[in-house]
Each structure stands twice: as C-alpha cells, then as structure tokens.
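Colleague: Have a look at this one.
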Amino acid sequence: MRIAFVGKGGSGKTTLSALFTRHLAGSGAPVLAIDGDINQHLAEALGQDDGPLGAPPLGAHLDEIKDLLRGTNPRIPSREAMIKTTPPGTGSRLLRLLGDDELHARHVRRVGEVPMMATGEFDESDLGVACYHSKLGGVELYLNHLVDGPGEYVVVDMTAGADAFASGLFTRFDMTFLVAEPTRKGVSVYRQYRDHAREFGIRVAVVGNKVTGEDDLLFLKEHVGDDLLTHLVHSPWVRSAEQGRTEGGLDTLEPHNRHALTILREAVDAHPRDWATHHRHAVEFHLRNARAWADKATGLDLAAQVDPDFVPGPAALA
Ligand SMILES: Nc1ncnc2c1ncn2[C@@H]1O[C@H](COP(=O)(O)OP(=O)(O)OP(=O)(O)O)[C@@H](O)[C@H]1O
Ligand SMILES: [Mg+2]
C-alpha cells in the first residue's frame, strides 16, 4: 500500500510521515519511508543525527534505475526512451518491497527502525533544464515497478502545495493524506487537491494537524466536512523529539495522537488496491504526458511503450 502525505508548506507532512512510518514499523509491518521532497527533512524527523543518509538519492542514479527497470522490455529499447511515466510491460523488471535488488541495495538505509530512501535535492544542474520536478522522476519510476502487497507500506513525504500534481506521481498512491492546519490557507490547499483528485479518481482524506481546541476542530469540520478523517493535536512530544529527547519512543506520544495514527492505518487498509485500475491510471497519465510534451522531447511515439495486455501485480511478478 502506498501512502502520500501532502499539504501546505509547514503543515506537518514530514512530521506525520515520520510518525506514521514509525507507527507501522513498530507494529512489525514491512515499511519504506521515502523523502519525496526536494528539501530533505524526513531523515531528521525519523531521528537521524545531522549528516548524510549514507545512501545516494534516487535522483543521482536515474539512468541506472531506468536500465534496471526496463529490463528486457522490447518496447523500451534504451534509457533515453524511458520517461518517468513509462509503464511497465512484459520484460520489465518488477520489484518487491525491500527486495534483494540493486535499487534497494544502493538507495535504502535504515534510520532507527525505519528503512528509507530519498528523491534528491534540487541543485544547480537542474536550473533551466528539463522540468523542475526531474528529480521526482525516480520515485515515480520506482512506484510504477513496485509490486507491494496488503500489509506492506510505502510512505512518501511529498513537496508542498499542489505542485505534486505536476507529475503523474499523485496517481500512484492508494491513499493521499492531506495534512491541514486549522487555518484558511491550510484548507485552501485541500480544495485544490480535492478537485484534481476527483478528476483522476484518487482517494484523499484530510488529516487535521496542530489542533489546539474545540474551535480548531469546528473550523476544520466546517471547511472540510466528511473528508476530515481524523486530526492530531498540537504535540509537545513532537517538539521534544526535535530537541533530541524521545525516550520511550512512540509509546510516549500523546494518546490522542497515537490513536489518530491507528485511524490512518485503518483507512489505508480498508481499500486494497485494484491493480487493473491502478495500472490504467498510469497508462492514461503516460499517454497524456506523451501528447503534451514527451513525444516531442524524445522524438519518439511513446504511446507504443504501452503493452496492451500487461497488468503489473503479484501474477506478473511470478
Ligand atoms: N502535531 C504537531 N504538534 C506540534 N508541532 C508540530 C506538529 N506537527 C508539526 N509540527 C511542527 O511544525 C513544523 C512544521 O512541520 P513539518 O516540517 O512536518 O511540516 P512540512 O509540511 O513537512 O513542512 P515543509 O512544507 O517545509 O516540508 C515543525 O517544526 C514541526 O515540529
Ligand atoms: Mg517537509
């Protein structure tokens, strides 16, 4: 199951991504946290001391990732022909979550009890070339080729605002949690997201954050209505964690916030993926991309990359 945390800048996407992955990992479930933001803070939120993760970000090895994932798929004859929305087909390399392959080996490192990997930072070499989100392509490629089952989780901390819609990445999740503070700006991102989500049939639930009292909750209910799944209250635990004091781990998190994490998990588990629909969205987005810019950019007919009879999933993996 893939879960994205989105929302306004500073709403708490990184904090909630970290809490939720720790909650899942603590239950013994296989989980991978991905820092999908170009400003990388997830490792820190997971308790990593200052210093590098000890693994390169996906963005630093896109060519190798493309070569691995296209495998022997005859519809994708070169890495240059593979764009981030290129869907897998017969011959493509499909991955198991945290499986024994070169991508996981190169990019995943454990922070505390949580394995994680990162997209990559936005650096000088990105300025003026390709699209702003080029570094995010690695996560999209990865998710397009990942065969994850129920009870396995990938949690992605996304870029702020509605920017996440600039790629097809937002169609790759089983659940998108929109983190909203009880403010007008906080709920305005929700409206943008809700409208996009409807268009593409994406499941979005709002998670209120930093709620301090009844008025905050009423505000959220008034503006978000039934899409408000649950909320976290303002947390002294989060602050002390950021000060490096988290003795007792998640067990000492405020009971209300711990309960909210269980509600998030139940919401995710309640809707197992339908692989055929999931793949259809990937193909639709790829074709849309091809027509809009990618055919021209690559000089190829990218619609020809779609393998009409192929559906990724456990059967394709076997
Ligand atoms: N429930 C909470 N209680 C107290 N503080 C919180 C809570 N959630 C988040 N914060 C604090 O709010 C600040 C912003 O949180 P965070 O970095 O998670 O937001 P973000 O949405 O990831 O921001 P950005 O858009 O910059 O990536 C942090 O200092 C964090 O400690
Ligand atoms: Mg963040």
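Colleague: For the range 151-253, what D do you get in µm² per second when you plug the Kirkwood radius from alpha-carbon pairs into Stokes-Einstein at 37 °C and 0.692 mPa s?
Modeller: D = 217 µm²/s.
Colleague: While we're looking at this one, here's another question. Given a Förster distance of 45 Å, report the FRET efficiency between Glu199 and Glu102 from their Cβ-Cβ distance, rounded to the nearest 0.05.
Modeller: The pair Glu199/Glu102 has a calculated efficiency of 0.80.
Colleague: Compute the acute angle (0 to 90°) between the alpha-carbon long axis of helix 214-224 and the principal axis of greatest extent of the alpha-carbon atoms of the chain; round to the nearest 10°.
Modeller: Helix 214-224 sits at roughly 30 degrees to that axis.
Colleague: Report, in degrees rounded to the nearest 10, the 0 to 90 angle that the Cα long axis of helix 184-200 makes with the longest principal axis of the chain.
Modeller: Helix 184-200 and the main axis of the chain meet at about 30 degrees.
Colleague: Further question: Using each residue's phi in the range 12-19, evaluate 6.51 cos²θ - 1.76 cosθ + 1.60 at θ = phi - 60° and report the 3J(HN,Hα) Karplus result to the nearest Hz, with x for Gly and Pro.
Modeller: For the range 12-19, the Karplus curve yields x, 4, 5, 4, 6, 4, 5, 4 Hz.
Colleague: Now for a separate question. Mind giving me the nanometre distance, one decimal, between the label points for Glu214 and Thr72, set 7 Å out from Cα along Cα→Cβ?
Modeller: Between Glu214 and Thr72, the label points sit 6.8 nm apart.
Colleague: Before anything else, pin down the relative contact order of the chain: Cα pairs under 8 Å, at least 6 apart, normalised by residue count, whole percent.
Modeller: Across the chain, relative contact order equals 27 percent.
Colleague: Using bins 10 angstrom wide from zero, how does P(r) for the chain break down, in % of all Cα pairs?
Modeller: Per 10 Å bin, starting at zero, the Cα-Cα P(r) for the chain comes out as 6, 27, 36, 22, 8, 1 percent.
Colleague: OK, next. Using only Cα atoms, locate the centre of the range 293-318 and the centre of the range 177-222, then give the distance between them in Å, rounded to an integer.
Modeller: 34 Å
Colleague: In terms of Cα to Cα distance under 23 Å, which lysines are near enough to Lys210, apart from those fewer than 8 places away along the same chain?
Modeller: Straight-distance partners of Lys210: Lys8, Lys13, Lys185, Lys221.
Colleague: Summing Lys, Arg as +1 and Asp, Glu as -1, what charge do residues with Cβ under 12 Å from the Cβ of Asp216 carry, Asp216 excluded?
Modeller: In short, -2.
Colleague: Something else about it: For the range 94-110, just list the computed ³J(HN,Hα) in residue order, Karplus coefficients 6.51, -1.76 and 1.60, θ = phi - 60°, integers in Hz, with x standing in for Gly and Pro.
Modeller: Calculated HN-Hα couplings, in order: 9, 10, 8, 4, 6, x, 8, 9, 5, 5, 4, 4, 6, 10, 9, 9, 8 Hz.
Colleague: Check cross-link reach from Lys296 to the lysines: straight Cα distance under 18 Å, and skip same-chain residues fewer than eight apart.
Modeller: Cα-Cα hits under 18 Å: Lys84.
Colleague: Here's something else I'd like to know. Rounding to the nearest 10 and keeping the result within 0 to 90°, find how far the Cα-based axis of helix 275-289 lies from the longest principal axis of the chain.
Modeller: That works out to roughly 70 degrees.
Colleague: Quick one: check the C-alpha center-to-center distance for the range 227-274 versus the range 51-78, whole angstrom.
Modeller: The range 227-274 and the range 51-78 have Cα centres spaced 33 Å from each other.
Since every read-out is calculated from the coordinates, none of them should be taken as a lab result. Computed from a predicted structure; not experimentally measured. Every residue, glycine among them, receives a Cβ derived from its backbone with ideal geometry; neighbour counts consider all protein chains shown.
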